[in-house]
Structures are given as C-alpha cells and as structure tokens.
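J.: Have a look at this one.
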Amino acid sequence: MPSAISTAATVVLDARDWRAREEAHAERADALTAAHRARATRGERHPIEDFLFTYYPYSPSLLRRWHPGAGVELADAAGTPRADWRWYAPGATARGLIVDRAAMEREKAPMLATSELLLDAFELARDIRYLDMQASPYDMREWGGAPVRIETGEGKAEYVRRQRGFAERSNALRHRILDAWRGAGAVGEEGGTLAARHGTVVASTHG
C-alpha cells in the first residue's frame, strides 16, 4: 500500500510514513543542536554558533518540530498534540489533519514547505557562519574555526571555492522553496524565512 496518496489537490500521508519522518527529523534536529543545548545548560557561549539562535527566529525546540508542508494531510493524526498546533485543521479522511495552506497564505506564514528543508537551510546558515568567522581577523580555533587566510593566494582560493559551494546550495534551496510556494514540493520539502535569507548572506560575506 502506498504511503502517500492523492485526493484531489491534497496529498495524504499514512500514519506509519509521517510518524517515521517525524522521528527521523527530531533525531536530526537533536544532533544539530546538541552542542548548543549542552552549552546553554552550563552557561557557556560560542561566538560562532550562538549567532544561529539569536539572528534567526528558530529555537532548538522549533527546529525539532516536524511539519509535512502546506496542503498535506496526515492520516490518523487527530488526537495527537499537533491537533492544537496553529494552521492544522480537520482533513478529508477520518481522524486526518491537514496543514491549511489557505490559512497560512492569508496570514503570510513563513513556512509553507517541509521541515526537512528547514534543517537543510539551517546547516547552510551554519556553514556560512563558520566560513565568515574563519576568514575574519579573529582567532576562532578555540571554537573549531581554523583560519582561512584570505590575504594569501591559497586562502583566497579556498574561500572562493567554498563560497561557490554555498551559492550552489543556496540556489537549490531557493528552487525548493519556490516549489513549495507553488504547491509542488510539500511532500518532501520544508523551508521559509531562514532559507530565503541565504542569498543575501552569501552575497554579503567577505568580498
């Protein structure tokens, strides 16, 4: 039996499929934020990674919360905590919940795609932040940031190579976000303001 079926314009994910994706997403988010959460309990700061949780409006708990994307219905989800979450409404199937795309668009909700894309965007933002600080005049080695000496030919070449990689990843994310806005990428994707900012971040790093 397929795990995703289409009813009119709505994709319905069966319970086994969406719960597996939810669990995998939570595990991935936990791994990405584990060091930050551990430092927070000890009252320690990290000059590179703390930026990700202050500049962007995504706490570890929000990053951990899985969404299937606008217009997707989750079978057998009524009665779960997400029934009380914003933008979830009763679906067309018995005990189903749908992410209400129309409501999200009316309220200009920042995320229309899937939470998997959000974590991809978070990883890109992290990698960009590390390179920014590695290429800065500050010594970041204590925090895992080996210097990229852009004043040298070798350092400049490394910086340009990595920036090109960021641009490629950013463009791919941008296409996935556009697919979600058009209603074409909800089942496998997620994104929003965090990913949408990356084009600006890439363009504004060291020249």
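FYI, it's all coordinate maths here, none of it is from the lab. This structure is a prediction, so every number in the text was calculated from the model and none was measured. Positions of Cβ are generated from backbone atoms using ideal geometry, with glycine treated the same way; all protein chains shown enter the neighbour counts.
J.: Please label the shape of region 7-49 as rounded, prolate or oblate, based on the square roots a ≥ b ≥ c of the eigenvalues of the alpha-carbon gyration tensor (a/c under 1.5 means rounded; beyond that, a/b larger than b/c means prolate, else oblate). Could the numbers behind the result be given before it?
T.: On the way: a/c = 5.53, a/b = 3.19, b/c = 1.73.
Because a/c hits 1.5 or more and a/b exceeds b/c, region 7-49 counts as prolate.
J.: How far apart, in nm, are two points set 7 Å out from the Cα along the Cα-to-Cβ line at Ala83 and at His46?
T.: Placing both labels 7 Å along Cα→Cβ, they lie 3.8 nm apart.
J.: Here is a further query. How big is the Rg/Rh ratio for region 60-135, C-alpha atoms only, Rh by Kirkwood, two decimals? Write down the numbers at each step before the final one.
T.: Values: Rg = 15.6 Å, Rh = 13.9 Å.
A ratio of 1.12.
J.: Just to confirm the filter: which GluC sites (Glu not before Pro) across region 75-117 are DSSP coil and have at most 13 other Cβ within 10 angstrom of their Cβ?
T.: Glu107
J.: So which trypsin sites (Lys or Arg not before Pro) in region 87-148 pass both tests, a DSSP loop state and at most 11 other Cβ atoms within 10 Å of the Cβ?
T.: When the trypsin sites (Lys or Arg not before Pro) of region 87-148 are filtered for loop state and at most 11 Cβ neighbours within 10 Å, Lys108 remain.
J.: Per the Kirkwood treatment, what hydrodynamic radius in Å, one decimal, follows for region 4-204 from the mean inverse distance over all distinct Cα pairs?
T.: It is 18.3 Å.
J.: Additional query: Would you mind ranking Ser61, Ser136, Ser115 by Cβ crowding within 10 Å, fewest neighbours first? Walk me through the numbers on the way to the answer.
T.: Numbers: Ser61 10, Ser136 14, Ser115 26.
Ranking Ser61, Ser136, Ser115 by Cβ neighbours within 10 Å, fewest first, gives Ser61, Ser136, Ser115.
J.: Sticking with this one: Check which residues have an amide H placed less than 5 Å from Val72's amide H, if you skip close sequence neighbours.
T.: Long-range HN contacts for Val72: Val99.
J.: In whole Hz and in residue order, list the ³J(HN,Hα) couplings for region 72-84 that follow from phi through the Karplus curve 6.51 cos²θ - 1.76 cosθ + 1.60, θ = phi - 60°; x for Gly and Pro.
T.: Coupling constants for region 72-84: 9, 9, 9, 5, 6, 9, 4, x, 8, x, 5, 4, 9 Hz.
J.: Pop out the ³J(HN,Hα) list for region 116-133 in order, Karplus 6.51 cos²θ - 1.76 cosθ + 1.60 with θ = phi - 60°, rounded to Hz; leave Gly and Pro as x.
T.: These are the phi-based 3J(HN,Hα) values: 4, 5, 4, 5, 4, 5, 4, 4, 5, 4, 4, 5, 5, 4, 4, 5, 3, 6 Hz.
J.: Where the only charges are on Cβ atoms (+1 Lys, Arg; -1 Asp, Glu), what is the dipole of region 59-103 about its Cα centre, to the nearest 20 debye? Numbers along the way, then the final one.
T.: Values: 6 positive and 4 negative charges, 34 e Å.
The calculated dipole for region 59-103 is roughly 160 debye.
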